[in-house]
Amino acid sequence: VKGFKAYSGNEASVLNYIISKFLKLSKLHGFKTVHLPLVEEVELYLRTSGEASDVCNKELFEVHRYGDKSRGWVLRPEGTAGCMQMVKEQSLMQDNHELRLAYHGPMFRYNRPQAGRYRQFSQLGWEYIGVSDYHSDFEVIKACVDFLKDLNIDFEIEINSICDSNDRKNYRKELKEFYNLDDSQDPLKVLDKAENFDNVPKMKINEKDRNHFEGLKVLLEKSGIKFTINPFLVRGLDYYNSTVFEFKSKLRESQGSLLGGGRYDYLMEQIGGKHTPAIGFSIGLERLLLEFNQEIENDLVVIASLDAPDFALKVADDLRKEGTACVIWKGTDLSKILKKAVSSKIKRVAIAGEKEEKAGKVVWKELSF
Ligand code: HAM
């Protein structure tokens, strides 16, 4: 199906590598991985991402119940709303002041597929819930910086403050006049898609959000993190307020957003819960795949069983006490086995044949490529 891809070989190894790095990063920062459902009520996204957002307006995959064609369930287009829904339903904030949640998995958006844009794609995300201080904004942005640097991926950071809903209401009015829009169009969505910003009015920032934003900027500058302030970065989802950010590719302009995030202090109220400030981000896994050009080490040891299969099994078991190992069964032609190992980037091969069994030890071949 168009926009749905299968990954194998090196691409699959890279995806696994990135996910394992993300799990490690999350653990290091005390973020616990949760598992969220793929299907939610459409209402959840209408209330949070907003009816006018592309995600809700034209990109939702609907799931029909048997015999009932009415709108009801959808495949999740993103993870933040589902995460907060879980926090509410399971009362996770009842005994906690702060929650650090991580997730990864497929999201679905019915958009036109192109390089870097798919209908099924995966996100790696953090939701840092119950925190309102700008230090928490800094923590998540810094974690993203560390993560991409660790993967040797180049990026540019854009940040902005989109203040509170009152400021945005005024800003919408200004933009509506500027673009001469009718009531059916959301001015912020028009701005989100704009390419030319000549004379476009900028949002006026209130004092509270200005102080918050200034605090974040100082922290970023102090830690040497380079960023640009993009006053027109409004993000495509409605639930954001105050700080928003995006990390962009230096290699590609089209579909160049590697990750996006921001504050969503009012989302919990939008779904009927108590006021709960929060900030988070999601990384597009397949977008990182397009940027990644590091060699992944294959630490698997293969054992050429040759003519002593029982011995090879025992050797494999012993090796697995300290690392990864598997026995190759097909073929007794050692040179073919070594060739195949080289093409799979395997560095070590243990030869375990009859001769080695008699001698009581395996022979090692170290391969280079
Ligand atoms: P988003 O900006 O809609 O934010 O998506 C985050 C990332 O997902 C994008 O930067 C991009 O890398 C990737 N992505 C989005 N759509 C596609 C697609 N069709 N194909 C491939 N990759 C895609 C969110 O989803 C928010 N939930 C982020 C967030 C978390 N905000 C707070 N917490």
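The values are calculated or read from the model by the stated rules, or taken from the named source; none is laboratory data. The structure presented is a predicted model; accordingly, all values stated were derived computationally and were not measured. Ideal geometry is used to build each Cβ from the backbone, glycine not excepted, and the neighbour counts take in all protein chains shown. Note: accessible area is taken over every heavy atom of the protein model, side chains too, but ligands, DNA and RNA are not part of it. Shrake-Rupley method; radii C 1.70, N 1.55, O 1.52, S 1.80 Å.
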Original post:
So which of Leu124, Leu75, Leu92, Leu101 is within 19 Å of the chain's Cα centre (by Cα), closer than 27 Å to Lys32 by Cα and free of Cβ contacts under 8 Å to residues at least 40 places away in the same chain?
Top reply: Leu75
**OP:** Please find, within region 347-369, the residue that is most open to solvent (accessible area, probe 1.4 Å) out of those that are touching a strand residue (DSSP E or B) at 6+ places or on another chain (Cβ under 9 Å) and among the small types (Gly, Ala, Ser).
**Re:** Ser368
Original post:
Pairs under 8 Å by beta carbon, first residue assigned to a strand (DSSP E or B) in region 337-366, partner open to solvent by less than 80 Å² (accessible area, probe 1.4 Å) and among the acidic types (Asp, Glu), six or more apart or different chains?
Top reply: Val363/Glu356
Original post:
Quick one: Glu214 ticks every box in (1) assigned to a helix (DSSP H, G or I); (2) surrounded by 14 or more Cβ atoms within 10 Å (Cβ to Cβ) bar one, so which box is it?
Top reply: (2)
Original post:
Looking at region 110-124, is at least one residue away from the ligand (no atom under 14 Å from the Cβ) and surrounded by 19 or more Cβ atoms within 10 Å (Cβ to Cβ)?
Top reply: no
**OP:** For region 240-255, name all the residues that are more than 8 Å from the ligand (Cβ to nearest atom) and in contact with a helix residue (DSSP H, G or I) (Cβ under 8 Å, 6 or more places away or on another chain).
**Re:** Asn241, Ser242, Thr243, Phe245, Ser249, Leu251, Arg252
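Matching residues to (1) away from the ligand (no atom under 16 Å from the Cβ); (2) of a type in the set (Val, Ile, Thr); (3) open to solvent by less than 20 Å² (accessible area, probe 1.4 Å); (4) touching a residue at least 12 places away in the same chain (Cβ under 8 Å):
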| position | (1), (2), (3), (4) |
| --- | --- |
| Gln270 | no, no, no, yes |
| Phe281 | no, no, yes, yes |
| Glu291 | no, no, yes, yes |
| Ile303 | yes, yes, yes, yes |
| Asp307 | yes, no, no, yes |
| Asp310 | yes, no, no, no |
Original post:
Can you tell me which residue in region 1-13 is least open to solvent (accessible area, probe 1.4 Å), limited to those that are in a helix (DSSP H, G or I) and either within 15 Å of the ligand (Cβ to nearest atom) or at positive phi (or both)?
Top reply: Gly9
Original post:
Can you name every residue in region 147-187 that is over 21 Å from Asp137 (Cβ atoms) and among the aliphatic types (A, V, I, L, M)?
Top reply: Leu151, Ile153, Leu175, Leu181
Original post:
What number of residues within region 69-108 are over 27 Å from Leu288 (Cα atoms) and either modelled with pLDDT of 95 or more or open to solvent by less than 60 Å² (accessible area, probe 1.4 Å) (or both)?
Top reply: 11
**OP:** Specify which of the listed residues (Asn180, Asn166) is closer than 24 Å to Arg210 by Cβ, surrounded by fewer than 22 Cβ atoms within 10 Å (Cβ to Cβ) and more than 15 Å from the chain's Cα centre (by Cα).
**Re:** Asn166
Original post:
Is it the case that region 327-334 has a residue that's of a type in the set (Phe, Trp, Tyr) and either buried (at least 17 other Cβ atoms within 10 Å of the Cβ) or within 16 Å of the ligand (Cβ to nearest atom) (or both)?
Top reply: no
Original post:
Which residue pairs have Cβ atoms under 6 Å apart, sit 6 or more places apart or on different chains, and have a first residue in region 39-52 that is free of Cβ contacts under 8 Å to residues at least 24 places away in the same chain and surrounded by 16 or more Cβ atoms within 10 Å (Cβ to Cβ) and a second that is assigned to a helix (DSSP H, G or I) and of a type outside the set (A, V, I, L, M)?
Top reply: Leu46/Cys56
Original post:
Which one of these does Tyr66 not meet: (1) more than 15 Å from the ligand (Cβ to nearest atom); (2) open to solvent by 40 Å² or more (accessible area, probe 1.4 Å); (3) under 27 Å from Gly272 (Cα atoms); (4) at pLDDT below 95?
Top reply: (3)
Original post:
What is the one condition in (1) out of contact with any Leu (no Cβ under 6 Å at 6 or more places or on another chain); (2) over 19 Å from Asn298 (Cβ atoms) that Gly353 does not satisfy?
Top reply: (1)
Subject >> Complete set of residues in region 125-163 that are more than 16 Å from the ligand (Cβ to nearest atom), over 26 Å from Leu289 (Cβ atoms), open to solvent by 10 Å² or more (accessible area, probe 1.4 Å) and outside any helix (DSSP H, G or I) >> reply: Asp133
